[in-house]
Structures are given as structure tokens and as C-alpha cells.
Amino acid sequence: MIWFINSLRKIPGWEKRTALSRKLQELSLTKKLFLVYSVFALYFLFYHEIHLPLLWMIGLALIGYLVSGILFWGIVFAFRKLETKIVLPAIFAEVGIERPTIKLVPWVEAFFFAFSVLACLLTGFFENRSGILFFIVYALGVLSARLIDNKTYYKIGLLGLSILAAGLVSFKSLQRAEIFVAYSMFKPDFEQKDLTRWNYNEENRTLHNEDLKLSVLLPEEFYFHNPQNLNLEDKTGIGQIAGIISTSDSDPNRYPVIRIFFIPFRFDDESELLTQFKKFLDLQLQRGDIQELNELEREVFEERYYGTFWTFYDVLRPRYAKTGMFFLAKHKQPYSLVFIIDESLIKGRRHEESVEKILTSVKIED
């Protein structure tokens, strides 16, 4: 056996590996947990972003890891401050009176609850009633452990709240970074113009943009979302966003939805625009936002709209739906308009009646 152990030392790098192993064993439990967490976190982050180009993938993974790492050590620091020692008068020990020598710090306890509530609010966890119910029930359980003075279960409960909050914040930061990357990949390379000057005539429900010489009719229960009020995700598409028409005054993505994109020069046909739109769909597919994407045949509407549509399963709003791009031709203005449409899949119809009504109403002044 001794000769076998001695032979191992002759393997190149053996001494360095054993020294590294000893250093790892000397680490505290917290640092060991962080190393294990880092391995799994980085693997998940790289796998999650594998659909992006290499530099974007590495950048996003590092952003997610940095945010989660900061939260990890922040929670560790706060947890260490959760309890404090009490210095008892010597007379207590002399007369044999036993008192607790460690107590919880109220402001740190309040920090754990405040951080958890704020994280849930900012990340949209409370937008769903089930999320609110879960948090209330869990928080009441944690407070119950505090009232019966069971410190072990109380601290475990606080740790659970912190992990939930940290996970939500980390995911939200990664999601925001992904939205920025998607916008950067499809951001127009031309100088953008001000397309926010829209006028609305309530009497006949007509929208008009003097800069585009464009007018469009809004059917009942439809709303227009000005580009100045949209976030980066809603602005991502083909060209510069000119506005969104949807069935909600607060959610620009509620079906059916028509996104109007502007390009300051003319196209002879839609093939180049279609190529860009396919890349946009591929990104959504690889991100897991949509599934079961199936391309339909090329479509012509009213002899002035040309484009292609797909059926798909919407993961974010669970339903089978239809999406596609219409390129508006046959007008004399020196620009191009692209209409990206998301709508419910209706058997026996190419498009929802309201969508066709909006497209028909579009007029461009000569």
C-alpha cells in the first residue's frame, strides 16, 4: 500500500491537486456552500443563454451570477447579524439565575420581511393572487414560530423567505438583461425619428400621425399605446416602433395586438423583412416564450398587404395562437410600414374580424 501511495506522488500535478483539496477542506461551511452554488448557478445560466451569441451568452451569465452572488453574501451577512449576545450582570450567575445570553435583533428581523415583500412587489410576484396567498400563509407560519419562541424553525423560515426573494430578484435582473440584448440585436441601424405625435379623434375613433401621413381606425374596446410609453421589450421588432394597438389600455400585449413598425426607406418586396422576422421568432422560440412554431403559406390581404404567418403555442399566455408579419405596399410615401400581428387562433378564419377591420382602415396620404 505504501508503494502505491508513493507512486501517486509521481503523477504530474498530484501535489498541487492535493494542496488544493486541503485548501478546499479548510474553507468554512458557508464558502463551501457558495462554491457548490456557483457550479450549479453558472451551469444553469450558461445553459439558459445558450441560444445567444457567445459574447452575449457569457455577459448575461456573468450578470446573473454577479447579482445572485451579491444577494447570497448579503443574506449571509444579515443572517449573522440576526442574533446578538447579551451581557448579564455577574450577580445572576452568583445566585444561580439562568437567563438567555442570545437575543434576536428586531431591526434585522424587520429587514428580512421588508426585503422579501419589496422583492415580491418589484418582480411582479404579487400580481398573481396565488403568489399573495402563498406569501401570507408562509409569513404567518414564520411569525408563529417567532411567537412560540422556536428560534430554529423561525430562522429556517426567514432563510426560506430570503431565498425566495433573492431568486426572484436574480431571475428578474437576468430577464431585464435578456430584453436589453434582444432589443440591441434588433435595434434599427438608421437614425430614428420622433413618431410619438399621434392625434386621436374620439368622435370617429380615428388615430392620425401627421409625420407619417397615416390614419387608422380603432374599433370598440381597442386602445393605442404610444411609443413613448413602451418598454424595450415592446419596442423590439423590425424597424422603429410607431405604436401598438391592443385590447387593453394597460397591457400592450393582450390579444389581438398589432405592432406598427416604421422603416425610413422603401422595400421592393417583403423577403428581407421576412428574414429579420424569422430571426425574431427564432429568438422567442429558443428563449422558451413560444413552442410548436409552424409556418403557414404566404398571404396577401386586400392586394396591398404581403406577408407570412405562423401558428404557435404561447407559453407566456397559455393558448394556441397565430403570429405573423404584413408588409404594407402600394403607397407613395418614401418609407415602409410593417405590421406584426399576434392573435388568437380561430378555426375557419385567417384573422380575427377586428384585426381585418383595423388593417382595412389604414390609410396613407399621397
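The values are calculated or read from the model by the stated rules, or taken from the named source; none is laboratory data. Please read these numbers as outputs of a predicted model, since none were measured by experiment. With ideal geometry, Cβ positions are generated from the backbone for all residues, glycine too; neighbour counts draw on all protein chains shown. Surface accessibility is based on the protein's heavy atoms, side chains included, excluding ligands, DNA and RNA. Shrake-Rupley method; radii C 1.70, N 1.55, O 1.52, S 1.80 Å.
What strands (runs of 3 or more DSSP E), lying completely within segment 264-366, carry at least 3 residues that are over 19 Å from T247 (Cα atoms), open to solvent by 70 Å² or more (accessible area, probe 1.4 Å) and without any contact (Cβ under 8 Å) to a residue 60 or more places away in the chain? Please lay out each step first, then the result.
Values: elements: 290-301, 305-314, 319-328, 336-344.
The qualifying strands (runs of 3 or more DSSP E) are 290-301.
Can you tell me which residues in segment 170-222 are charged (D, E, K, R) and either within 22 Å of Y65 (Cα to Cα) or under 26 Å from the mean Cα position of the chain (by Cα) (or both)? Answer for segment 170-222, where residues must be charged (D, E, K, R) and either within 22 Å of Y65 (Cα to Cα) or under 26 Å from the mean Cα position of the chain (by Cα) (or both): K172, R176, E178, K187, D189. Looking at segment 223-255, which of its residues are open to solvent by 20 Å² or more (accessible area, probe 1.4 Å) and either among the hydroxyl-bearing types (S, T, Y) or farther than 25 Å from F280 by Cα (or both)? Hits for segment 223-255 are Y223, T247, D249, S250, Y255. Restricting the first member to segment 106-123 and to residues that are within 16 Å of E83 (Cβ to Cβ), and the second to residues that are among the small types (G, A, S), the beta-carbon pairs closer than 9 Å and six or more apart or on different chains are V108/A78; F111/A78; F112/A78; F112/S162; F112/A165. Which residue is modelled with the lowest pLDDT, if the candidates are limited to segment 248-295 and must be out of contact with any strand residue (DSSP E or B) (no Cβ under 8 Å at 6 or more places or on another chain) and among the hydroxyl-bearing types (S, T, Y)? Residue satisfying both the conditions and the ranking: S271. Return the total of residues in segment 230-255 being polar (S, T, N, Q), over 16 Å from I179 (Cα atoms) and not in a strand (DSSP E or B). Qualifying residue count, segment 230-255: 3. Here the condition is being among the β-branched types (V, I, T), out of contact with any His (no Cβ under 8 Å at 6 or more places or on another chain) and part of a helix (DSSP H, G or I); of I163, I258, it holds for I163 alone.
The set of residues from segment 42-81 being in contact (Cβ under 8 Å) with a residue 24 or more places away in the chain, among the hydrophobic types (A, V, I, L, M, F, W, C), assigned to a helix (DSSP H, G or I) and within 23 Å of S184 (Cβ to Cβ) comprises L45, W56, L60, I63, V67. All of (1) open to solvent by less than 80 Å² (accessible area, probe 1.4 Å); (2) touching a strand residue (DSSP E or B) at 6+ places or on another chain (Cβ under 7 Å); (3) at pLDDT below 90 hold for F190 with one exception: (2).
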